[in-house]
1. Among (1) under 12 Å from D:CYS346 (Cα atoms); (2) open to solvent by 10 Å² or more (accessible area, probe 1.4 Å); (3) within 13 Å of another protein chain (Cβ to nearest Cβ), which single condition is D:GLU213 missing?
2. Which one is nearest to B:ALA351 (Cα to Cα), of the residues in region B:269-280 that are outside any loop (DSSP other than H, G, I, E, B) and either touching a strand residue (DSSP E or B) at 6+ places or on another chain (Cβ under 9 Å) or more than 7 Å from every other protein chain (Cβ to nearest Cβ) (or both)?
3. For B:PRO345, indicate whether it is more than 7 Å from every other protein chain (Cβ to nearest Cβ) and open to solvent by less than 10 Å² (accessible area, probe 1.4 Å).
4. Is there a residue being basic (Lys, Arg), facing chain D (nearest Cβ under 9 Å), in contact (Cβ under 8 Å) with a residue 60 or more places away in the chain and under 30 Å from D:GLY287 (Cβ atoms) anywhere in region C:353-375?
5. For A:PRO182, all conditions in the list (1) under 19 Å from B:GLY302 (Cβ atoms); (2) assigned to a loop (DSSP other than H, G, I, E, B); (3) not polar (S, T, N, Q) hold save one; what is the number of the exception?
6. Could you list, in sequence order, all residues of region B:60-72 that are among the hydroxyl-bearing types (Ser, Thr, Tyr) and open to solvent by less than 50 Å² (accessible area, probe 1.4 Å)?
7. Which one is nearest to the other protein chains (Cβ to nearest Cβ), of the residues in region A:35-56 that are touching a residue at least 12 places away in the same chain (Cβ under 8 Å) and surrounded by fewer than 17 Cβ atoms within 10 Å (Cβ to Cβ)?
8. Condition first: within 7 Å of chain A (Cβ to nearest Cβ) and part of a loop (DSSP other than H, G, I, E, B). Now tell me which residues in region B:123-147 satisfy that.
4 protein chains.
Amino acid sequence: MNHYFILHSRRNKQLPMAGNSLGQLFRITTFGESHGPGIGVVIDGCPPQVSLDPAAIQHQLSRRRPGQSTITTQRDESDAFEFLSGVIDNVTTGAPLTIWIPNKDQRSKDYDHIRKAFRPSHSDYTYQTKYGIRDVRGGGRSSARETAARVAAGAVARQVLNHHGIDIVAYVDSVGTISMPPSDKKWSEADVDSNIVRCPDETVAAEMISAIEDVRDDGDTLGGVITCNVRNCPVGLGEPVYDKLHAELGKAMLSINACKGFEIGSGFDGTRMRGSEHNDPFTSNGGVIRTTSNHSGGVQGGISNGMDIVCRVAFKPVSTLMKSQESVNTEGENVTVEGKGRHDPCVVPRAVPIVEAMAAMVILDHLLRYRATMPV
Amino acid sequence: MNHYFILHSRRNKQLPMAGNSLGQLFRITTFGESHGPGIGVVIDGCPPQVSLDPAAIQHQLSRRRPGQSTITTQRDESDAFEFLSGVIDNVTTGAPLTIWIPNKDQRSKDYDHIRKAFRPSHSDYTYQTKYGIRDVRGGGRSSARETAARVAAGAVARQVLNHHGIDIVAYVDSVGTISMPPSDKKWSEADVDSNIVRCPDETVAAEMISAIEDVRDDGDTLGGVITCNVRNCPVGLGEPVYDKLHAELGKAMLSINACKGFEIGSGFDGTRMRGSEHNDPFTSNGGVIRTTSNHSGGVQGGISNGMDIVCRVAFKPVSTLMKSQESVNTEGENVTVEGKGRHDPCVVPRAVPIVEAMAAMVILDHLLRYRATMPV
Amino acid sequence: MNHYFILHSRRNKQLPMAGNSLGQLFRITTFGESHGPGIGVVIDGCPPQVSLDPAAIQHQLSRRRPGQSTITTQRDESDAFEFLSGVIDNVTTGAPLTIWIPNKDQRSKDYDHIRKAFRPSHSDYTYQTKYGIRDVRGGGRSSARETAARVAAGAVARQVLNHHGIDIVAYVDSVGTISMPPSDKKWSEADVDSNIVRCPDETVAAEMISAIEDVRDDGDTLGGVITCNVRNCPVGLGEPVYDKLHAELGKAMLSINACKGFEIGSGFDGTRMRGSEHNDPFTSNGGVIRTTSNHSGGVQGGISNGMDIVCRVAFKPVSTLMKSQESVNTEGENVTVEGKGRHDPCVVPRAVPIVEAMAAMVILDHLLRYRATMPV
Amino acid sequence: MNHYFILHSRRNKQLPMAGNSLGQLFRITTFGESHGPGIGVVIDGCPPQVSLDPAAIQHQLSRRRPGQSTITTQRDESDAFEFLSGVIDNVTTGAPLTIWIPNKDQRSKDYDHIRKAFRPSHSDYTYQTKYGIRDVRGGGRSSARETAARVAAGAVARQVLNHHGIDIVAYVDSVGTISMPPSDKKWSEADVDSNIVRCPDETVAAEMISAIEDVRDDGDTLGGVITCNVRNCPVGLGEPVYDKLHAELGKAMLSINACKGFEIGSGFDGTRMRGSEHNDPFTSNGGVIRTTSNHSGGVQGGISNGMDIVCRVAFKPVSTLMKSQESVNTEGENVTVEGKGRHDPCVVPRAVPIVEAMAAMVILDHLLRYRATMPV
């Protein structure tokens, strides 16, 4: 049996495009396309009586927005948002909270050259095959523009978490072959945002920026790794079998465009250690329990143990190049696809607030699940 | 605010232990404890009229069973299973299919020494804190014994997938610091099972076995990495946003005991490549489309593209040592925990069928979701 | 223990208001408040490549809209809708399809008198107690205005069902004590809409209209019963245990504002029959199987049997009266609540398209679940 | 288009039989067939540290068991249960709690006559058509034997609810045309169980028993109505839109075998009242708020209001008759089906504990959802 796709053979099939929701008790559903009227998110399960700071939501959207620096795409979106439901005078009512971010700077004709061709390592081919219809204008639903909705919803989640003292900070750990040295420093958002690549080590950051500028000038792209820390997370979040906290974090991160890998704590490096080195000894100081190392990354048996949650997220180099590439078209013919449009030479600086947003939503969802408590 | 756990303070809380299900249309719910009467799984959504081969289920259980070789735990479980529901004469009816695996060789007194102490990097502490009650006998629900249920359900899924020509093979890629060289060979289960460590490269396998024997004799443990391939997967599985195929695979793998990392395709290594190297060019041969490289690992835009699905799963070294370790007890006092009981010096040889089972269930679930087709 | 509400005692609690979604494969999430910017719905799971007729959606919205006749509320909403996502040139792409219906004719000051008082048999008291915050302007989320979103989503579902030949017609069976005589006639939408009360029996309709006018002039209200028929439904929809087709229809109908009862087939009357009268004999004509009576209402063992699905839905008299009523205020004091605002004297004429919409969404969801077929 | 079933045409389709779960946070999955090894249920989400009384579970199973009196089926099942997981010394651990009830008194040959014929108003025809395979022995999964699992899980839920002071009592309100007069009395389980028909009005009960004996001697059957009360339910259970408390209760009840209708509060009768009669005035006594009537049935706006929850559940007459009936066979030929086997002449006396169990599970699920509270 040959499973390589025979073009035309599935054109009459129609498959619903579901799976646009995440979370159980804090549950988001996102909608909207890159070149439609806008991008939105409905949050079902947001606690009521939370006084939201719209500026803090806008701040996170601005950290993700295109056009923010010389090393990002030059598409110019202000990403100004509005509430469509769920608040009165910026206080949540508990009703579904909807955030709407209109699109402004679409250039749909930039995509005419791929109307009948598939860009390598994009979703053009798989979408066309699965749905028999494809929104070529900016990739429609597959566009990273969808992540604006994630950042907006995550910014709401963060405000709820902040009331509980839980804090989330991510930063760029590596770009291409350039990596930060290991550090125990507790970086703040100000540290991270002190430069345009969002690596808190200034020296390394400068190298990263230079490397990104180099590939940009070549019409090429780079990948990288983001480290995310969740601090002050209480003991007890996560379910013990299939909904382990790091499994849920992993799924959330792997669902971000271009993500190819996820690690908790020691991750792949930890596989090269002996158990006696890797185990995190417990110690008690007046009944206050902590571990003296944190190879577990803050999660044991799928449940948070009160230490910092530490995870790493791998992003491949952006697929859209300003170079010609070999590919095929919708007629199944070999073609050359030109490099065109406005795109990021490296996605990781803009992905930092996305990673934080995903972490915030998973943690809040599990905090709500944790609160589903039943004292007799 | 201090989120380190203050012992005793949450003893009166009661939290349900949910999250024992996985999948949407092919949905499993597992139950049972390490030292209870047995381990079971209900499959809701198994297609009817599938003639099951019980020997093939038993075969996979035997690949996972303890006591199978000199480098695994010596707990002796035959893991003979029975159907409690869902079949008539081994043919599925579509009704919930329940598989029950009685426990035989429990030694609950092996756990008396941890009744009041927390083993480092185990779930003892997080379970005790979250639930206020803990099944100390073998870890109860946190025991890797739960994975027998996964393997049984996965063995059912594989038989359905086999009817569709889809084939899944995993193997041990590294143990500690010993890794297989890269290879394009399409390993068969026979290749993998030709030795007790389940690494298909015989020379490397011998080194791995020797390394495991060394740590075993030290009372120590090793981790490792498993690579999993799904072959002949049709184009179109996976949902485009939150339920991307690799995000669902990632969650499933990260939910396995001791798993700390997951990669699809190029993974973390891919972050060090340029886009022009990393992109997988499409090529067409008479309308049959494939890519000439597979850094994508068979998934693009969250949807399978017809190439082999390739993922890697990282397992930490086993936490249970035959050595004394520093820890704390349930009274919040510093104590030394002895090394006792029967445990694996390295979990990866037995984890191979578990990884395959998780892959099988995710792929079948998405195959069923894919089939929810709606031709007008 | 006394479970009557002690006012003030739960003010500090915050509960998320979830449960704004319905369906599994055709899944809607609604949002928006009566006096916010508008009402919306996201459909996740709409099949792609369906050419939608916007006029048909608008038509159903107009059948539900306030101000449509002399026997409905005089709030004047055109209920003009727009697509926010999911279509290109009115063809569905399979992406989340979002419909937005802006509010136009709010009169929020009509609600000042209930800012601190609870209207009897409304949700004022239960919302205030549960959430500690309440959108007094039109009832916020509890307003029947939410049903506009249901009708819009249902109108999409109907267009998909029409491609499969499935047709849904509901009508007003009784208003107060005035009932239609039993009839086997297959009423069309034109029959139903031939008068403003939507009872296809012209004589009875005239009586109903007169009765509604009478209570309206009294500042009082009436309830009624709607019968809904689904025609040409294939055999096999519905799941056999908890998701029986009529259980899902029942939940959907009971979730409509003011609904207090649901029957399938013979319903409560059937409890007074003997089995030998009630059973529906099968008969075959050239291999085409049908039943000679339909007390089952088209569902047997929770699964559609190919006969017309027939259900009945009970609506209580509208709670908002133009009369003063005894009640309590938010301080727990006994008060008199005045009758104010613009409201329906009888909800059933406008509920007909809502009942049809709920039926359409449940049937389509199960049609998609049915299509999740797995031929080996 | 003709949707009547053409026999043979769908034999090659295979549909998974899903939908065997109910609830979100207190979630049950049932499994097992009438004539397989037994019936079971996994409860995922049972709170830990609850000391269960096994006798109370057995007591409810005995109230449902066949053979309990002269007016029920004479199949003799002790319905003795065992815990397969989730408890240590009868205390819940929070892990999935599995209850297993072995079958004892199957007589599979009683079903040989329907191997190739469809019993009228049974699920034989719809199952055969949907799944292409059917467990003829006792109806397999469609058998009311599945309700034993509901009663067992409900008995666990009731013990948790009892700790919260919540109490559930149901009783037989009517059998055929014989109904209890309206009464405000708060019946206890002892009142209900004082006679074999479970109607607490002794005079009416005697008439009901006599009527059932009459139809039994005729080989015929009767239906009836059960009223269910939930007392001391706190204010605030239920979600405001699709998961309204009475919508969830309705779905749960309608999923019981033979159930054809559901009402909350005034139900269908309430449609004949005016709003001014039907509204329930609030009154306050020292800040304790209640309503002076209860047409709402304890639920307003989908949320419990602290008054007794009152609902009514309609059961059709049992389909299995000891009479010959006209039907068709699997070849699509007209045939006569004989009356054979052991069956209930009226299901309502045994359905009382089932109705209570469904109510208990819905209420507990919503109590857990309610507890998912988030104080900032």
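1. (3)
2. B:ASP269
3. yes
4. Within region C:353-375 (the criterion being basic (Lys, Arg), facing chain D (nearest Cβ under 9 Å), in contact (Cβ under 8 Å) with a residue 60 or more places away in the chain and under 30 Å from D:GLY287 (Cβ atoms)), the answer is no, since none of the residues qualifies.
5. Only one criterion in (1) under 19 Å from B:GLY302 (Cβ atoms); (2) assigned to a loop (DSSP other than H, G, I, E, B); (3) not polar (S, T, N, Q) is unmet by A:PRO182, namely (1).
6. Step one: list which residues in region B:60-72 are among the hydroxyl-bearing types (Ser, Thr, Tyr), which gives B:62, B:69-70, B:72.
Hits for region B:60-72 are B:SER62, B:SER69, B:THR72.
7. A:SER51
8. The answer is B:SER123, and nothing else.
The values are calculated or read from the model by the stated rules, or taken from the named source; none is laboratory data. Since the structure is predicted, the reported quantities are computational estimates derived from the model, not experimental observations. Glycine gets a Cβ as well: all are built from the backbone with ideal geometry, and neighbour counts include every protein chain shown. Side chains are part of the model used for accessible areas, which takes the heavy atoms of the whole protein and leaves out ligands, DNA and RNA. Shrake-Rupley method; radii C 1.70, N 1.55, O 1.52, S 1.80 Å.
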